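K.L.:
Quick one: the structure is below, and I'll ask about it shortly.
Read-outs: derived from the displayed coordinates by stated rules, not from any lab. Remember, it's a predicted structure, so these values are computed and weren't measured experimentally. Cβ sites come from the backbone with ideal geometry, for glycine too, and all protein chains shown count toward neighbours.
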């Protein structure tokens, strides 16, 4: 009987630890993300989520603007082809590439971050 109580207690403790870990992960996410929707043209963009969170002082709404809780960009912005970016800022539903470029370039220009295409997107090597 005692061992059954111990197992229940251990289960509760580990469940609580798992819940806390999930909440912390949800709040801060992965430190490095790979943005690779254009992997046929460019290498993936290595994005340090942790560095950007630190830069904005933990204010998630700086980037995750209209969401009650931080969501990945692709949850609200649909991927689309490389040719549709021009003029996309006039559309009510901005695609994923337009959202990345609008958000990233705006902030990078203000903060002195990289703004050249190949600063973030090294050309993909051709496969034979």
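K.L.:
For the pair residue 108 and residue 52, how long in nm is the line joining their label points, each one 7 Å along Cα→Cβ?
P.N.:
1.1 nm
K.L.:
Considering only C-alpha atoms, what is the centroid distance from the range 49-63 to the range 93-127, in Å?
P.N.:
Here the answer is 17 Å between Cα centres.
K.L.:
In nm, what is the difference between 0.36 nm times the number of residues separating residue 7 and residue 59 and their Cα-Cα distance?
P.N.:
This chain segment gains 14.7 nm when fully extended.
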